[in-house]
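For reference, the structure is listed below as structure tokens.
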Amino acid sequence: MPLRRELGRTEASNGDTTSESAAHSSNGDYQDQNGHAETLDMVIAGSDLGGIWYWNRYPGARVDSQYPVYALSIPEVYDDWTWSSHYPDHNELREYFKFVDERLQIKKDCVFNAKVTDAVWNDAEGVWSIDCDSGQKFKTKFWTACTGFAAKRYFPDWPGYEDFKGTMFHSSFWPKEGVDVRGKRVAVIGTGATGVQITQEVSDASLAFDLWCREIGEDGNLMMFQRTPNLACPMNQVYMTKEEQKALSKGLPERFADRNNHYNGFLYQWRENLTYDHSPEERDEFYRMLWKMGGFRFLMNNYYDMTRNATANQEAYNFWRDRVRERVKDPRKGELLAPTDRPHLFGGKRLSLEQDFYDHFNKPNVDVIDVRTNPIDRFVSD
């Protein structure tokens, strides 16, 4: 059954969000079970491809899923594309989507700068009626809302926003031209993955990833407002040459297929061993091996019972805490960033990957503010 068309398009997606809304990442014609050709189209809130990577352009934004799993397993794409590292940044991700479009011609099936505002199923016709904020309307038999699980922007209801005389930016509204913070007082509110990435980038005057992180300098000042510490693990970034990737390319089909054999979609998962199968010395050696490997291995490649037994989980937390406290020299900052008492089960909240996040807190102009005991009350003009 061919799809009914209005305004030349057939498929839409997205709810109340400003992230990209893509129904399918396919292009061209799709054949149903009866062999009928049906076009797959996308309605996208942004003005270009990329999904969250169209919007994520704040300092330090990069993937935390290790090469090669965070990529399309389509030969036309991976045969000729090479990454710079295991964890590419937002700029490289946008270049990747440009390359994907060159190979697959996706844009011809896209409606940009439009968000779905309503989707109603018509049982009599057997189709969805889709309305967009652009005024466009669609009818389609199949509809997929690819909005992500946390796509809606959040603004805390602190009073005084309108009185604040400084410049305020939301990480998902980051200006394309960047932000100049040379010599300025900077506050980062929140310690999710975004807060960790912004803090470690904006604190370092030597990094070359972004204008902001190069130019805050020694005269600037950064305060990170933290409610719950992020139990971040080391990324241990790896940079790759084109020649190295070409040598690995023949094995990519098998590695992509292997993603489906693990609960997390990576190329590894928990071990069969239990925490107390090993002596304290053997356990420490095993933890250090995972720590050196980097990425999410300390969380997802650990002992089988690490995420299933609170006592075993405590052992992993103790190791994590001690490694962080070795790096943060100020006892007050160290206690806030890596508390003596476990704030929650290790892995119970989505942890992040860091490169030199904790090291920056040894600088006199970088500090952490505990908003659990000293909550934000309001914004003032100065």
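Given the structure, is Ala338 farther than 30 Å from Leu72 by Cα, of a type in the set (A, V, I, L, M, F, W, C) and free of Cβ contacts under 8 Å to residues at least 40 places away in the same chain?
no
Give me the pairs: first residue in the range 245-257 and touching a residue at least 40 places away in the same chain (Cβ under 8 Å), second residue open to solvent by less than 80 Å² (accessible area, probe 1.4 Å) and acidic (Asp, Glu), beta-carbon distance under 8 Å, and six or more apart or on different chains, which are they?
Ser249/Asp79
Inspect the range 229-239 for any residue being over 19 Å from Ser85 (Cα atoms), of a type in the set (Val, Ile, Thr) and within 23 Å of the chain's Cα centre (by Cα) and give the result as yes or no.
Among the residues of the range 229-239, not one is over 19 Å from Ser85 (Cα atoms), of a type in the set (Val, Ile, Thr) and within 23 Å of the chain's Cα centre (by Cα), which makes the answer no.
So, of the residues in the range 356-382 that are open to solvent by less than 100 Å² (accessible area, probe 1.4 Å) and among the charged types (D, E, K, R), which turns out to be farthest from Thr228 (Cα to Cα)?
Lys363
I'd like to know if the range 299-311 contains one or more residues that are touching a residue at least 60 places away in the same chain (Cβ under 8 Å), closer than 23 Å to Asn362 by Cα and either of a type outside the set (S, T, N, Q) or open to solvent by less than 60 Å² (accessible area, probe 1.4 Å) (or both).
Scanning the range 299-311 turns up no residue that is touching a residue at least 60 places away in the same chain (Cβ under 8 Å), closer than 23 Å to Asn362 by Cα and either of a type outside the set (S, T, N, Q) or open to solvent by less than 60 Å² (accessible area, probe 1.4 Å) (or both).
Restricted to the range 234-258, and to residues that are in contact with a Leu (Cβ under 7 Å, 6 or more places away or on another chain) and farther than 28 Å from Val179 by Cβ, which residue is least open to solvent (accessible area, probe 1.4 Å)?
Top of the filtered list is Asp258.
Which residues, counting only those in the range 341-374, are without any contact (Cβ under 8 Å) to a residue 12 or more places away in the chain and not charged (D, E, K, R)?
Scanning the range 341-374 gives Gly348, Pro364, Thr373, Asn374.
Taking the range 345-355 as the search range and keeping residues that are modelled with pLDDT of 90 or more and open to solvent by 40 Å² or more (accessible area, probe 1.4 Å), which one is nearest to Thr228 (Cα to Cα)?
Top of the filtered list is Lys349.
With respect to Glu326, determine if the residue is modelled with pLDDT under 95 and closer than 19 Å to Cys233 by Cβ.
When the stated conditions are applied, Glu326 does not pass them.
I'd like to know if the range 268-283 contains one or more residues that are under 22 Å from the mean Cα position of the chain (by Cα) and closer than 30 Å to Pro364 by Cβ.
Checked the range 268-283: no residue is under 22 Å from the mean Cα position of the chain (by Cα) and closer than 30 Å to Pro364 by Cβ.
Restricted to the range 89-123, and to residues that are touching a strand residue (DSSP E or B) at 6+ places or on another chain (Cβ under 8 Å) and β-branched (Val, Ile, Thr), which residue is nearest to Lys141 (Cα to Cα)?
Taking the candidates together, the pick is Val120.
From the list Thr199, Thr140, Thr191, Thr167, which residue is polar (S, T, N, Q), under 24 Å from the mean Cα position of the chain (by Cα) and at pLDDT 70 or above?
None of the others qualify; the one that does is Thr191.
Being under 27 Å from the mean Cα position of the chain (by Cα) and at pLDDT 90 or above is the requirement here; does Asp123 meet it?
Criteria not met by Asp123.
Of all residues in the range 70-119, count the ones that are among the hydroxyl-bearing types (Ser, Thr, Tyr) and more than 21 Å from Phe256 (Cα to Cα).
Result for the range 70-119: 1.
So is Arg288 assigned to a helix (DSSP H, G or I), in contact with a helix residue (DSSP H, G or I) (Cβ under 6 Å, 6 or more places away or on another chain) and modelled with pLDDT of 95 or more or not?
Against the criterion (assigned to a helix (DSSP H, G or I), in contact with a helix residue (DSSP H, G or I) (Cβ under 6 Å, 6 or more places away or on another chain) and modelled with pLDDT of 95 or more), Arg288 does not qualify.
Could you list all residues from the range 48-76 that are surrounded by 22 or more Cβ atoms within 10 Å (Cβ to Cβ), in a loop (DSSP other than H, G, I, E, B) and among the aromatic types (Phe, Trp, Tyr)?
Tyr58
What are the pairs, 6+ residues apart or on separate chains, where a residue within the range 102-122 that is farther than 16 Å from Gly51 by Cα has its Cβ under 6 Å from a residue that is open to solvent by less than 90 Å² (accessible area, probe 1.4 Å) and among the hydrophobic types (A, V, I, L, M, F, W, C)?
Arg103/Val77; Ala119/Trp128; Ala119/Ile130; Trp121/Trp128
Only one of these conditions is not met by Ser279: (1) over 30 Å from Asp79 (Cβ atoms); (2) of a type outside the set (Asp, Glu); (3) out of contact with any Asp or Glu (no Cβ under 8 Å at 6 or more places or on another chain); (4) open to solvent by 60 Å² or more (accessible area, probe 1.4 Å). Which number is it?
Every listed condition holds for Ser279 apart from (4).
Tally the residues that are within 23 Å of Ala232 (Cα to Cα) and either in contact (Cβ under 8 Å) with a residue 12 or more places away in the chain or not in a helix (DSSP H, G or I) (or both), restricting the search to the range 275-285.
Going through the range 275-285 one residue at a time, the tally reaches 3.
The values are calculated or read from the model by the stated rules, or taken from the named source; none is laboratory data. Given the structure is predicted, the values throughout are model-derived calculations rather than measurements. No Cβ is skipped: glycine too gets one built from the backbone with ideal geometry, and neighbour counts run over all protein chains shown. Just so you know, the surface numbers come from the protein's heavy atoms only, side chains and all, with ligands and any DNA or RNA stripped out. Shrake-Rupley method; radii C 1.70, N 1.55, O 1.52, S 1.80 Å.
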